Amino acid sequence: MKSQKAASACLQWSHERAHVPPMTSGARITDWRETLDIRARMHAGGWRVVPVCERTKGPLFADWPRFRYDPADPEPPTPRTFNAKGEPTRAKHRGTGAITSGVVAVDIDIDDADRAHAARVAFEHVAGGSPVVRWRPGAARVMLFFAPGEGVADISASIGADPAKVEIFADHAGRQVMVHGRHPSGAVLQYEGDGPESWPLAELPHLDRRTLNAAFGAALEAAAIPRDGGASRGGASLGGVRRQPNADAATAALGVELRRLLGGESMHRASNALADLLAFHIGLDAEQAARILAAVAIAAADLNPPMAERFAQMEAKAFGRARWYARIAETPPDDPDKARFWVSARVAAFKRAWRLLPPEEQAAFLDAALTMRGAA
């Protein structure tokens, strides 16, 4: 009953008002004790809490998808910062994020207030309202939270490009969103009603795959965002390297994406394409690919000082993005023609990786393979 009333009120508000809602009681910055209380309540409600940097919105831990929050240890060591002895620090992580495992996060990332409002109204008209709606002062952008229903799992979709795109992260352990703290813009994140700490995941309205797809399409249409405009779904960019017919075409596509990335034209799409190439065509693992993504982000920031903040966000997301593409690279596409290219590309990647192995590791691999073959 609580979720139905809140969702109904939220939907009514969206039709009546097109601009920023009034400030709530949580408008001020919470102190450290309140932050710990919020995280403990979220954790108890089934949310996967991860501390994040308020400057970048990125997690403070290299292998954050595996991070498990422990209310009894609210200041875990931070591998990315060290004390004078070279040991990981235990700093107060004031930004709070939520890994989108068991969550559907709908990010209406549109700066124009009218288009953002139209997208939200259209999404809620199909899917219903959400009782947990994040916003920040001075921006038209909002994020809606639901729970995954039938057929919704491991979804990462982004269509459009800054300053007008809609993103969906649904039951995806490799994505996270900032839910509390000071946004890089300087504004403190707010909620129209109660925040996620007051809503156990089990009480959020559920969205099945069909409804989610229909609502996503309605929001894009209402905001006049073409479905093929800068889109990425489930880790494969519509214009990325994986969808090219051969290695030469993929290399050419990568060159285009790298130029766009280094010039600051299309950071999200280009970094996805780069991660795809590193994992799929070259066969790097997540850690190797992450190092390259981070290096490219640093170089791009040097080339584009006004955009240094955005490239810092890309650097912070390097491991999560690389881990996602490394896993996707092991999954053949459904299309038979692309599957044949997938097989030949994976074989070529294996051969390249094989040549890099020291002779003793090659011998150990062959011994293990023969042992498995005999056991079979």
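Per-structure values
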quantity: When residues of the stretch 299-334 are limited to those that are part of a loop (DSSP other than H, G, I, E, B) and of a type in the set (D, E, K, R), the one surrounded by the most Cβ atoms within 10 Å (Cβ to Cβ); calculated: Lys317
quantity: Ala294, sole failed condition from (1) surrounded by 23 or more Cβ atoms within 10 Å (Cβ to Cβ); (2) under 19 Å from the mean Cα position of the chain (by Cα); (3) at pLDDT 75 or above; calculated: (1)
quantity: Wholly within the stretch 58-158, strands (runs of 3 or more DSSP E) carrying at least 1 residues that are loosely packed, with under 15 Cβ neighbours inside 10 Å; calculated: 78-82
quantity: Unmet requirement for Val179, which otherwise passes all of (1) aliphatic (A, V, I, L, M); (2) closer than 22 Å to Arg55 by Cα; (3) touching a His at 6+ places or on another chain (Cβ under 6 Å); calculated: (3)
quantity: Output for the stretch 169-222, where each listed residue is at positive phi and surrounded by fewer than 21 Cβ atoms within 10 Å (Cβ to Cβ); calculated: Asp171, Gly186
quantity: Members of the stretch 39-57 found to be surrounded by 14 or more Cβ atoms within 10 Å (Cβ to Cβ) and of a type in the set (Gly, Ala, Ser), listed by number; calculated: Ala40, Gly45, Gly46
quantity: Residue within the stretch 182-204 that is more than 20 Å from Asp114 (Cβ to Cβ) and outside the structural domain of Ala139 (by TED's automatic domain parsing) present; calculated: no
quantity: Check on Ala290, in a helix (DSSP H, G or I) and closer than 20 Å to Gly255 by Cα; calculated: yes
quantity: Meets criteria (more than 30 Å from Leu262 (Cα to Cα), of a type in the set (A, V, I, L, M, F, W, C) and modelled with pLDDT under 75) for Leu357; calculated: yes
quantity: Counted residues, the stretch 322-347 - those being modelled with pLDDT of 70 or more and within 27 Å of Val296 (Cα to Cα); calculated: 11
quantity: Residue in the stretch 167-179 that is modelled with the lowest pLDDT, counting only those that are farther than 21 Å from Arg120 by Cβ and in contact with a Lys or Arg (Cβ under 9 Å, 6 or more places away or on another chain); calculated: Gly174
quantity: Selection from the stretch 61-95 of residues that are closer than 17 Å to Gly320 by Cα and either among the polar types (S, T, N, Q) or not assigned by TED's automatic domain parsing to the domain that holds Phe146 (or both); calculated: Thr78
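The values are calculated or read from the model by the stated rules, or taken from the named source; none is laboratory data. All of these numbers come straight from a predicted model, not from anything done at the bench. So basically every Cβ, Gly included, is an ideal-geometry build from the backbone, and we count neighbours across all protein chains shown.
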